[in-house]
Structure formats: C-alpha cells, structure tokens
Amino acid sequence: MARYFFNIRHKPGPDGVADDIDGDEIADIGQVREHALGVARDLIARTRLDSIANWFDCAFEITDEQGHPVMTVPFTDIVPDEKDDAPVGAE
C-alpha cells in the first residue's frame, strides 16, 4: 500500500495549506479520489474551524510519499452535477 497525504488548501498563498503530516495508506491510486471525497463529506458535516469559513472553498492537494502532487480534489466535488441527477435519457 502507498501512503498519500491529504493537505487541505483553505485559502490562497503559502499560509493557506493545512499539511497532513500522517497521511493515509491506500491500496490503489483509483481509490484516492473516493477517499478524499469521503473525508471532505465528513469534515463538512462534523467539523467547525475558525480558520475555515466555508468548507466548499477548500480543496485537497494530495501528494505521495515523495511529496509529488497526485491530484487536487475540490470539496465542491461532493455535490453531484445537475446532469448527473437527470434521469437516463433525459438529456
């Protein structure tokens, strides 16, 4: 399993990132995004911080064990697009 770090970008600039110092072990790179979305849902539902006025302004900047960027996952991605909610064939 590889370790990925889910750093939270909460505002612009170098002071706008909360570093994930522990990371999470995830078996497959394909599961990283789903893990990030699950954590984002939990943070939005359960966590209140003075430094973060709106969780939907945040994004995970995910890095690997070497510190290389893997992907960015905006917290707004937990909300499905309207077209994703449309019935099949209703385009």
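Figures for the structure shown
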quantity	calculated
Approximate shape of region 15-60 as ellipsoid semi-axes (Cα gyration tensor, √5λ), whole Å, largest first	21, 13, 9
Helix-derived mean residue ellipticity, 222 nm - over the chain, DSSP H n ≥ 4, -39500 (n - 2.57), to 500	-6000 deg cm²/dmol
Answer label, with semi-axes √(5λ) of the Cα gyration tensor in Å calculated from the coordinates and candidates (1) 47, 19, 12; (2) 24, 19, 11; (3) 31, 19, 11	(2)
Sorted by Cβ neighbour density within 10 Å, fewest at the top, the residues Thr76, Thr63	Thr76, Thr63
Positive-end residue of Tyr4, Ala40, Ile29, charge dipole of the chain with Cβ unit charges	Ala40
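We did not get these values from a lab; they are worked out from the coordinates using the rules stated. Just so we're clear, the structure is a prediction, and the values are computed from it rather than from any experiment. Quick reminder, even Gly has a Cβ in these numbers, built from the backbone with ideal geometry, and neighbours come from all protein chains shown.
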